[in-house]
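Input: a single structure, listed below in structure tokens.
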Amino acid sequence: METQIGKEPGWIVQFSVYVNNALGGVSDLVTLLSEEGVLLLGFALLDHRECAILRVVCNYPELARKLFEKYAIAYCESEVLGVHVAQASRLAEVLEILAQVEIDVFYFYPLLTCPIAGCVLVVGLEDNEFSSAMLETQGIKVLRQSDLIL
């Protein structure tokens, strides 16, 4: 599966969506997507006085992209890792592995629903390919977009 931005196939696609910071703004976006079968699997809201940026991971990014374009919703996309953390106590281990190989973690947030037991963290960092390899050599499962179709 090739992503729109053309990097490594299979990485999880994250949209950063501009939302007016008005009553119902986020709700309207979630409703629009869900009515078309696009489920928000995880999100993080960066709220400001005038606007909000909603980081979104969904089950069907191709369809979400088409809806954003159809309704002229401002967005950008990036590729992120989905890191399986079987237990909360393993979060420190994941972060330590990345720190040891000098990978900066910019942000992370959990998925609301996970295709496997435990928690899956969406992780934005500087080098998906290298980070994924380092985590997998330490027995940490890294999910791809295809793992998120529920």
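Computed from the coordinates by the stated procedures, all read-outs in this text should not be read as laboratory data. It should be emphasised that the depicted structure is a prediction, and the values quoted were computed from it without experimental measurement. Every residue, glycine among them, receives a Cβ derived from its backbone with ideal geometry; neighbour counts consider all protein chains shown.
Its residue count N sets the reference 2.2 N^0.38 Å, and the alpha-carbon radius of gyration of region 102-150 equals 1.16 times that reference. Semi-axes of the equivalent ellipsoid of region 12-78 are 18, 13, 11 Å, computed as sqrt(5λ) over the eigenvalues of the C-alpha gyration tensor in descending order. Computed over the chain, the P(r) curve from all C-alpha pair distances, binned at 10 Å from the origin, holds 11, 41, 33, 14, 1 percent per bin.
Computed over the chain, relative contact order equals 27 percent, with contacts defined as Cα pairs under 8 Å that lie 6+ residues apart. Ordering Phe15, Gly37, Ser78 by the projection of their Cα atoms onto the charge dipole of the chain, which places +1 on the Cβ of Lys and Arg and -1 on the Cβ of Asp and Glu, puts Gly37 at the extreme positive end.
A simple spin-label model places pseudo-atoms 7 Å from Cα toward Cβ; at Glu36 and Ala88 they are separated by 3.7 nm.
Three principal axis extents of region 55-95 based on alpha-carbon atoms, in descending order, are 43, 16, 13 Å. Residues of region 31-68 with amide nitrogen under 14 Å from the 7 Å Cα-to-Cβ point of Ser16? Taking a point 7 Å out along Cα→Cβ of Ser16, the residues of region 31-68 whose backbone N falls under 14 Å are 44-48, 52-57.
Computed over the chain, the per-residue total of -39500 (n - 2.57) for DSSP H runs of n ≥ 4 gives a 222 nm mean residue ellipticity of -8000 deg cm²/dmol, rounded to 500. Pairs of Cα atoms nearer than 8 Å and 6+ residues apart set the relative contact order; for region 12-78 it is 45 percent.
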